[in-house]
Amino acid sequence: MAEHRATIEWRSSATATDFVKGRYSREHAWMFDGGVTVPASPSPSVVPAPWSVAANVDPEEAYVASISSCHMLTFLWVASKRGLVVAHYRDEAVGVMTKNERGKAWISKVTLAPRIEWVEKTPTAEELASLHHAAHDDCFIANSVSTEIVTT
């Protein structure tokens, strides 16, 4: 099977004293094999400014985006195989962080809310549910996580 790689890089500009006191920037970069570099940071809800950068992508957002993106790509493939043509797909996915039975924070649920525009034939509610079920069932990311994933 395939391997997928990412390079994550962070460099300190803090003094040793500031570092051990937690006063250092968590801003870093994600670099991918295609040449894209994504500015990253922890969520300001986890690490407050100035030690985080709200404009950068945080790991929790990326996790939700990965689930949504995988579902969409699989959905488009399933639709194409069933002869349905998608013109536009937009999902405003939301991940919810809670605490597990050990009191550790985790993203326990991701709700996908895709809005889809079709060319020619619009599937029935039952056909749409079947498309989403098949997409969820075949999505690599959904098959890799314990987070509950629902589609509205």
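Give me the residue from segment 6-43 that is free of Cβ contacts under 8 Å to residues at least 12 places away in the same chain and surrounded by 11 or more Cβ atoms within 10 Å (Cβ to Cβ) and, out of that set, nearest to GLU61 (Cα to Cα).
That would be THR37.
Just to be sure I understand the filter: pairs with C-beta atoms under 9 Å, separated by 6 or more residues or on different chains, first member in segment 85-102 and outside the structural domain of SER69 (by TED's automatic domain parsing), second member assigned to a strand (DSSP E or B) and of a type in the set (A, V, I, L, M). Which pairs pass?
none
Mind checking which residues of segment 111-152 are assigned to a strand (DSSP E or B) and under 24 Å from LEU84 (Cβ atoms)? Outline the logic, then answer.
We begin by selecting, within segment 111-152, every residue assigned to a strand (DSSP E or B); these are 111-112, 114-119, 148-151.
Hits for segment 111-152 are THR111, LEU112, PRO114, ARG115, ILE116, GLU117, TRP118, VAL119, ILE149, VAL150, THR151.
For segment 114-139, what are the residues that are surrounded by 12 or more Cβ atoms within 10 Å (Cβ to Cβ) and under 22 Å from VAL94 (Cβ atoms)?
The answer is PRO114, ILE116, LEU128, ALA129, LEU131, HIS132, HIS133, ALA135, HIS136, CYS139.
Let me confirm something: among THR37, THR111, THR74, which residue is of a type in the set (Ser, Thr, Tyr) and not assigned by TED's automatic domain parsing to the domain that holds ALA142?
So the residue among THR37, THR111, THR74 that is of a type in the set (Ser, Thr, Tyr) and not assigned by TED's automatic domain parsing to the domain that holds ALA142 is THR37.
All but one of (1) of a type outside the set (Lys, Arg); (2) over 13 Å from the mean Cα position of the chain (by Cα); (3) part of a strand (DSSP E or B); (4) crowded, with 17+ Cβ neighbours inside 10 Å hold for ALA87; which doesn't?
It fails just one condition, (4).
The values are calculated or read from the model by the stated rules, or taken from the named source; none is laboratory data. Since the structure is predicted, the reported quantities are computational estimates derived from the model, not experimental observations. Note that we place each Cβ from the backbone using ideal geometry, even for glycine, and neighbour counts take in every protein chain shown.
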